[in-house]
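The values are calculated or read from the model by the stated rules, or taken from the named source; none is laboratory data. Owing to the predicted nature of the structure, the values given are computational and were not obtained by experimental measurement. All Cβ positions, glycine included, derive from the backbone under ideal geometry; neighbour counts span all protein chains shown. Note: accessible area is taken over every heavy atom of the protein model, side chains too, but ligands, DNA and RNA are not part of it. Shrake-Rupley method; radii C 1.70, N 1.55, O 1.52, S 1.80 Å.
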Amino acid sequence: MLPKINLTKDIFWVGVNDRRTERFENYWPLPFGVAYNSYVVVDEKIALIDTVEAGFIDSFLDNIKAIIGDRHPDYLIVNHAEPDHSGSIRAILREYPDITVVGNAKTFPMIEGFYDINEKKIVAEEGGTLSLGQHTLQFFTVPMVHWPESMVTYETSEKILFSNDSFGSFGTLDGGIFDDEVNIDFFETEMRRYYSNIVGKYGMQVQKALAKLGGLNIQQIAPSHGPIWRSNIGYVIDKYDKWSKCETEDGVIIVYGSLYGNTARMADIIARSIAEEGIKNIRVFDASKTHSSYIISELWRYRGVIFGSSAYNGGIFTPMRALIRELEHIMPKNHLFGIFGGMSWSGGGVRTLEEFSNNIKWQLVAPSVEVKHAAKEEDIERLRALGKSMAQALKNN
Ligand code: FEO
């Protein structure tokens with residue numbers, strides 16, 4: 001059993017690490033796993049803040065009992081009904097049948113729907129408080145960060161924000177639990193992949209949440225995934241502010257779908273022409289190989305985006321079609337855009353990317369470059385011109 005992990009004298013981390021699930025939400029790869037964080041506030045009354053994914057109930061209960069022994073928690077705070085956090089509610093109610101569940105008006109229909117439970121409950125008002133003795137919890141809804149019922153809990157005496165998905169990241173907590181105990185660069189990358197793919201569609205709602213919580217004095221941010229932030233709070237809030245406004249850095253991602261390598265070679269020609277202009281942040285991805293979550297995370301970082309696709313049955317190659325459909329759903333903003341591809345015997349890849357461009361409304365930096373079969377000398381010049389236009393647009397932007 002782990003030694004106790006204190007946020008403060010009376011507040012403890014009781015979460016678990018998941019290194020066995022292949023894909024978060026059964027879709028997003030988890031090469032470094034994910035942590036489901038949960039917290040206990042021990043006072044005259046005991047509050048458990050969020051639970052963990054259902055398969056980890058034994059470790060979760062061990063962690064809780066290591067802190068509170070034979071005492072029973074009085075309250076279960078449900079900040080979010082998504083099953084990665086609510087999945088153990090039923091087991092907690094079985095273990096602690098007298099516990100009172102605390103959520104907001106939108107929480108209870110969800111957890112009753114998922115788990116067929118309707119136990120003792122408190123419906124928290126916006127800004128409402130719950131006293132545990134020396135500690136007081138205050139509740140704020142943050143709709144669509146990440147679901148309609150999403151809520152955060154603020155502990156007023158220690159000034160800890162239990163932020164649920166907000167400020168969370170993929171990656172297990174491998175010894176280091178707090179931001180000053182881990183490699184921040186690793187978690188920034190996994191936090192951006194989490195943000196862009198899971199929450200990125202709701203940037204406007206994130207901005208509203210930041211405005212709502214902006215007046216709080218926050219000494220620690222304790223999310224439900226990833227490290228607890230106590231030494232770099234300004235840094236992590238700044239990241240969320242920038243990402244939710246789709247603020248990007250100088251750099252380009254080039255993503256291609258290529259059956260036999262002709263479109264892939266075009267991508268390398270374009271990338272080289274951009275590098276010749278002094279742009280150093282250039283990432284090239286094969287959409288058939290790299291999961292879209294990594295591509296979208298890099299797209300959230302860099303302003304320049306160039307997509308290429310070979311034609312496939314009169315349309316766009318399948319992995320690129322999947323990527324653009326996903327982006328049309330998320331609708332990230334503020335990108336410079338370029339298009340290229342191979343027409344083979346039918347065309348269709350470039351045409352589909354042009355339709356995507358009309359929908360997503362990124363700023364095109366140059367006309368599309370469509371190549372019949374493999375790129376010839378004159379095609380190479382057009383591809384290089386596309387790269388140069390992107391580099392120039394980045395410098396001007
Ligand atoms: Fe970590 Fe929206 O669940």
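In region 166-209, how many residues are touching an Asp or Glu at 6+ places or on another chain (Cβ under 6 Å) and among the hydrophobic types (A, V, I, L, M, F, W, C)? Number satisfying all stated conditions: 1. Taken over region 344-386, the criterion of being over 30 Å from the mean Cα position of the chain (by Cα) and of a type in the set (Gly, Ala, Ser) is satisfied by Ser344, Ser346, Gly347, Gly348, Ala366, Ser368, Ala374, Ala375, Ala385.
One residue stands out among those in region 158-186 that are within 15 Å of the ligand (Cβ to nearest atom) and in a loop (DSSP other than H, G, I, E, B): the one that is farthest from Lys9 (Cα to Cα), which is Phe170. Taking helices (runs of 4 or more DSSP H) as the structural unit, those lying wholly within region 195-287 and holding at least 2 residues that are in the same structural domain as Val182 (by TED's automatic domain parsing) correspond to 203-213, 233-244.
One line per residue, one yes/no per condition, for (1) of a type outside the set (Lys, Arg); (2) more than 16 Å from the ligand (Cβ to nearest atom); (3) under 23 Å from Thr51 (Cβ atoms); (4) under 18 Å from the mean Cα position of the chain (by Cα):
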| position | (1), (2), (3), (4) |
| --- | --- |
| Phe140 | yes, yes, yes, no |
| Tyr202 | yes, no, no, yes |
| Lys212 | no, yes, no, no |
| Asn217 | yes, yes, no, no |
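For region 131-157, a tally of residues being in a strand (DSSP E or B) and either of a type in the set (Phe, Trp, Tyr) or open to solvent by 20 Å² or more (accessible area, probe 1.4 Å) (or both) returns 7. Within region 43-58, the residues that satisfy the criterion of being touching a strand residue (DSSP E or B) at 6+ places or on another chain (Cβ under 7 Å) and open to solvent by 10 Å² or more (accessible area, probe 1.4 Å) are Lys45, Glu53, Phe56. In summary, Ile269 fulfils each of the numbered conditions (1) in contact with a Pro (Cβ under 7 Å, 6 or more places away or on another chain); (2) more than 30 Å from Asp50 (Cα to Cα); (3) in contact (Cβ under 8 Å) with a residue 60 or more places away in the chain with the single exception of condition (1).
The sole residue among His329, His373 that is open to solvent by 70 Å² or more (accessible area, probe 1.4 Å) and at pLDDT below 95 is His373.
Just checking, which of Asn17, Asn79, Asn37, Asn26 is open to solvent by 20 Å² or more (accessible area, probe 1.4 Å), in contact (Cβ under 8 Å) with a residue 40 or more places away in the chain and under 24 Å from Tyr115 (Cα atoms)?
It is Asn17.
For the residues Ser169, Ser258, the requirement of being open to solvent by less than 10 Å² (accessible area, probe 1.4 Å) and of a type outside the set (Asp, Glu) singles out Ser169. Against the numbered list (1) closer than 19 Å to Tyr154 by Cβ; (2) among the polar types (S, T, N, Q); (3) open to solvent by 10 Å² or more (accessible area, probe 1.4 Å), Thr107 comes up short only at (3).
Give the residues of region 110-130 that are surrounded by 21 or more Cβ atoms within 10 Å (Cβ to Cβ) and within 14 Å of the ligand (Cβ to nearest atom), sorted by residue number.
Correct list: Ile111 only.
Here Thr107 meets each of (1) polar (S, T, N, Q); (2) modelled with pLDDT under 95; (3) within 14 Å of the ligand (Cβ to nearest atom) with one exception, condition (2).
Scan region 142-157 for residues that are charged (D, E, K, R) and either over 18 Å from Asn104 (Cβ atoms) or away from the ligand (no atom under 16 Å from the Cβ) (or both) and jot them down. Walk me through how you get there before you give the answer.
Here is the first cut: in region 142-157, the residues charged (D, E, K, R) are 149, 155.
Selection gives Glu155 alone.
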